[in-house]
1. Under 20 °C and 1.002 mPa s, how fast does segment 354-411 diffuse according to Stokes-Einstein, given a Kirkwood radius computed over C-alpha pairs? Answer in µm²/s, whole number.
2. Write out the chymotrypsin sites (Phe, Trp or Tyr not before Pro) in segment 9-86 meeting two conditions: DSSP loop, and at most 10 other Cβ atoms within 10 Å of their Cβ.
3. Once you list every other residue whose beta carbon is under 15 Å from the beta carbon of PRO26, what net charge do they have if Lys and Arg are +1 and Asp and Glu are -1?
4. Return the whole-Å distance between the Cα centroid of segment 344-393 and the Cα centroid of segment 35-74.
5. Rg (Å, one decimal) plus Dmax (Å, integer) for the alpha carbons of segment 220-330?
6. Based on alpha-carbon centroids, what's the gap between segment 157-207 and segment 260-314 in Å, whole number please?
7. Could you estimate the translational diffusion coefficient of segment 270-411 from the Stokes-Einstein equation, with Rh from the Kirkwood formula over C-alpha pairs, at 37 °C and 0.692 mPa s, in whole µm²/s?
8. Can you give me the accessible area per residue for segment 236-372, using a 1.4 Å probe, in Å²?
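The values are calculated or read from the model by the stated rules, or taken from the named source; none is laboratory data. Keep in mind it's a predicted model, so treat the numbers as computed, not measured. Please note: Cβ atoms are built from the backbone with ideal geometry, for glycine as well, and neighbour counts cover all protein chains shown. Surface areas here come from the heavy atoms of the whole protein model, side chains and all, with no ligands, DNA or RNA. Shrake-Rupley method; radii C 1.70, N 1.55, O 1.52, S 1.80 Å.
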Amino acid sequence: MCPDQLDPEIIKQDFPIFKRRVYGKPLIYLDNAATTQKPRQVVEAIREFYENYNANVHRGVYKLSVEATEAFENARAKVAKFINAKDSEIVFTKNATEALNLVAYSWGLCNLKRGDRILLTEMEHHSNIVPWQLVAKHTGAVVDYIPINEDGLLVDEDVDRLLNLGPKIVSITQASNVLGTINNVKEIVGKAHRVGAITVVDAAQSVPHMQVDVKDLDCDFLAFSGHKALGPLGVGVLYGKRDLLKEMNPFLGGGDMISRVSLSGAEWNELPWKFEAGTSSVADVIGLGAAVDYLNSLGMGRVRAHEVKLTEYALKRLSEISDIRIYGPMDLDKRGAVISFNLSSIHPHDLATILDEEGIAIRAGHHCAMPLMTKLGVTATARASFYIYNSETDIDVLVEGLYKARRIFKL
Ligand code: 7TS
């Protein structure tokens, strides 16, 4: 094997879950866009915290609490470095959804007024639609959507036309969880800044899969979830430029986010703690730090290269099946390792159930992107999404499973 390439069979050995069998068959896990499996290193970091230094952070002067605080802040430094941010620009949230809500409420409520425009795209996850619709309702702002073309791509003319309406905020996914489309967010951020907009990048499906550099993108905010990047469930990240975070009101009030409280009011803590009200999910943050270490040990360039290779193979194999409709761009430079499809008239839930009997986990449904489903003219799709431990063999098993579905439905 070329040392520059990831070997999924070796990687799998770090993931205890792949020892289990599903209906007596090996687990073929192809729902990585929903959440990824966790390597032993992440599980061990969490166990180590609970077994050796479990304590609350930022408050105790005793040994355990000092150790917990150090590990917590050390994980923040790892996450910051991973996306080329400063430590004080990294806010830990519950997930990407909470990070996007934080921006919508803390920035949006104070800065948007009646008639202001919010610009999104038609391919957004509900997490990057609904918070803006809620804030639009509160403020009287209007939401516009950049349409997608038949290849599932944003078209420059549409981007320019809608930016020319002068939105106050532009919030866009870097990689679609349905189409796999990778948007040129760097270019859109540049254009948005030229019309005076603030920019938000939903990086839930990009940070786990490719090198993301917030300074290079120059975005104002960026959100992602740890659990889609080998980390534990329950911790997400908001990156924000210091000057913006500084002038924003807190999202949630409570312990840890204040410097002073009196009966008549409160003053806020320094960044980033101003946005981390209450006890954080300390063990999970430490687990996310271990996930970042793991990804760094592989190299994000190699992660992306592995996924491009798998996606190319999967697109080729899936295209061989008659009556299959694959959504999203076919150009590998413009897509990530997420493939949504429909097979003839078989409902995606039936497909997922038949595949489940073979030990194959895929997602079926609207993928929390109902406006996109409407645009595609369907109510649901089947979706296979790949990660570092998936191999071409997994794709062969998936294709076999789809042929089995065809036989069951007598196609
Ligand atoms: N943004 C995108 C692009 C996503 O794909 C998701 C989750 C989110 C935001 C929200 O992430 P959360 O961790 O806050 O829930 N996407 C999916 C999915 O495709 N299947 O399950 C969750």
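1. On the way: Rh = 12.9 Å.
Approximately 166 µm²/s, per Stokes-Einstein.
2. Details: sites: PHE18, TYR23, TYR29, PHE49, TYR50, TYR53, TYR62, PHE72, PHE82; in loops: TYR23, TYR62.
Qualifying residues, ordered by number: TYR23, TYR62.
3. Working: positive: LYS12, LYS19, ARG20, ARG21, LYS25; negative: GLU9, ASP356, GLU357, GLU358, GLU392, ASP394, ASP396, GLU400.
Around PRO26, the charge tally is -3.
4. Taking the Cα centre of each part, segment 344-393 and segment 35-74 sit 36 Å apart.
5. 21.0, 70
6. Value for the Cα centre distance between the two parts: 22 Å.
7. Numbers: Rh = 17.3 Å.
This corresponds to a translational diffusion coefficient of 189 µm²/s.
8. Working: 5760 Å² over 137 residues.
I get 42 Å² per residue for segment 236-372.
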